[in-house]
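Working notes for the structure below.
The values are calculated or read from the model by the stated rules, or taken from the named source; none is laboratory data. Just so it is clear, the structure is predicted and the values come from calculations on it, not from any experiment. Glycine gets a Cβ as well: all are built from the backbone with ideal geometry, and neighbour counts include every protein chain shown.
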Amino acid sequence: MYSDRALVIGAGFAGLLAARVLSESYGDVVLVERSVITTDAGHRAGIPRAHHPHPLPARGAQALEALFPRIGRELENAGAVRADLGSDFLHRFPNGPAPRDHLGLSVLSMTRVTLDRIIRRRVLRLANVSLVDGVTVEGLLHDRGTVTGVHGRRGDRPFTDYADLVVDASGRDSRLVSWLAELGVHCPAPRIVNGHVTCASRLYEVNRDLELGWKNACEITHAPGTRRGGAVSSVDGSRWLVTLFGADGDTAPADDDGFLDHATSLRCPDVAEIVKTATPASAVHRSGNLRNRWNRFHQVPDWPRGLLALGDSVVSLDPVHGHGLTVTALNCAELRALLQDHDLAAEPLTFQRAVAKAARFPWTFATTADLGWATRRLPVRARLLRWYSGRVIAAIPGHRRVYRAYARVSQLAGHPVTLLRPAVLFRVLLGGKLSGRRPRATAP
Ligand SMILES: Cc1cc2nc3c(=O)[nH]c(=O)nc-3n(C[C@H](O)[C@H](O)[C@H](O)COP(=O)(O)OP(=O)(O)OC[C@H]3O[C@@H](n4cnc5c(N)ncnc54)[C@H](O)[C@@H]3O)c2cc1C
């Protein structure tokens, strides 16, 4: 232990994992959370996205297991469903479905509520971690370039707390950039790429009369021709979580009729069949503004000592690709590794650079897809990436090796360069092309 007290803003996925890591180096770790966490079950207002699917890919599950031994088993005991990305998955691309051979690469599907509940229980069992809920942090306390705590409100009362290290894990809606500006620290404008994606999700009781032949299904949106997509995950034992996506402003509907219409317009008839025949177990919940945003904190030279940021507070991604949890888990693995040799309160940019490095590929993956909806002419690099990724996607239905390489890369389990290996490159270049023209590309 080289320090006493760490304070984490936000007890979501990033906050809980960060608290777990910090508990190894700090005598006292306190999680400060806006929502009131009264019960172990159910949704809470602080995480509206918890209504949507949060399957955990193999790489994220591995990072989580390193922090919480046997958590995979615990999640499965709570009803999480393990699905192989080949044999258990119906993965439909604009040119057709992916091959269904066993890949040996799985995702773990559960509701976000179940995931958070089990992790929270593990974290709050640690003797030196505590949770203060119902507190909204409104700013940072500081002393000559060092963050020394936070201030905010708990109901009507002011709240102040001090720490040697403050970690912002307050997610997609983090106000850290404004809080830093109040200290006179200015961040570069965030990078934003917006594919104007919305999603709407609803839970259904599993209808055992439907024989589907898969555990999870996914039909991707893909610019320029496929603005609608959908996904079904088997979650929490006996439920299906159906999610409909709309990109480029094609809004996923929140009403019953619209939900069925959208499901019926997908190529995979199973999604509509579920919506028609299964019993709903929740209302339809819709989320919008699912843009990609990257706060480049690693480029702030006068970043204060005593402050770190991770998770969606730094990089929030279009959720269609399901990378957020994995990137966050990798941030926490990095935090743990760096804390072995560094006093990160004194050298916070060492950590922020590692966070930026981990974000680079997921950012490129998500934004390459979303830039396809852009109306402006794209830079050469983006056009090249879009061209090649379009060829890969077009080649997938007929080519097992291409799908295997794509699945590993898209799950962050394989290096992107594997998509350029001769065996894949050859099939990609000889494979078909996607139909559909880019709609409105114009000169700048
Ligand atoms: C619609 C949607 C679907 C998604 N699907 C997937 C998926 O399938 N797979 C995947 O890997 N990722 C997915 N993601 C991304 C994933 O949700 C995030 O990457 C993940 O939640 C990041 O965790 P976080 O802890 O940084 O943020 P959050 O989970 O949002 O947690 C932030 C916490 O901070 C609290 N908080 C906020 N402000 C304050 C404050 N001022 N004071 C105190 N507390 C505060 C909030 O109440 C909340 O508890 C999805 C995201 C969205 C929007």
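The table that follows gives values for the structure above.
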read-out: Matching entry among 320, 300, 380, 314 (being among the β-branched types (Val, Ile, Thr) and within 19 Å of residue 18 (Cβ to Cβ)); value: 314
read-out: Strands (runs of 3 or more DSSP E) wholly inside the stretch 204-271 that include at least 3 residues being assigned by TED's automatic domain parsing to the domain that holds residue 105, farther than 14 Å from residue 97 by Cα and within 19 Å of the chain's Cα centre (by Cα); value: 228-235, 239-246
read-out: Hey, residue 155 touching a Pro at 6+ places or on another chain (Cβ under 7 Å) and modelled with pLDDT under 95 or not; value: no
read-out: Selection count where residues are assigned to a helix (DSSP H, G or I) and more than 7 Å from the ligand (Cβ to nearest atom), scope the stretch 309-326; value: 2
read-out: Criterion violated by residue 301 - all others in (1) in a helix (DSSP H, G or I); (2) of a type outside the set (Lys, Arg); (3) assigned by TED's automatic domain parsing to the domain that holds residue 186 satisfied; value: (1)
read-out: The stretch 378-429 - residue that is loosely packed, with under 15 Cβ neighbours inside 10 Å and of a type in the set (A, V, I, L, M, F, W, C) and, of those, nearest to the chain's Cα centre (by Cα); value: 417
read-out: Counted residues, the stretch 205-230 - those being of a type in the set (Gly, Ala, Ser) and within 22 Å of residue 54 (Cβ to Cβ); value: 3
read-out: Residue list for the stretch 164-179, filter: within 14 Å of the ligand (Cβ to nearest atom) and of a type outside the set (Ser, Thr, Tyr); value: 166, 167, 168, 169, 171, 172, 173, 175, 176, 177, 179
read-out: Complete set of residues in the stretch 304-337 that are farther than 15 Å from residue 363 by Cβ and surrounded by fewer than 22 Cβ atoms within 10 Å (Cβ to Cβ); value: 304, 305, 333, 334, 336, 337
read-out: Scan of the stretch 101-138 for residues that are assigned by TED's automatic domain parsing to the domain that holds residue 214, away from the ligand (no atom under 16 Å from the Cβ) and in contact (Cβ under 8 Å) with a residue 40 or more places away in the chain, ordered by number; value: 101, 103
read-out: Which listed residue is modelled with pLDDT of 95 or more and among the β-branched types (Val, Ile, Thr), from 71, 47; value: 71
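Condition check ((1) in a helix (DSSP H, G or I); (2) among the basic types (Lys, Arg); (3) at pLDDT below 95) across all residues:
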| residue | (1), (2), (3) |
| --- | --- |
| 11 | no, no, no |
| 21 | yes, no, no |
| 28 | no, no, no |
| 31 | no, no, no |
| 36 | no, no, yes |
| 75 | yes, no, no |
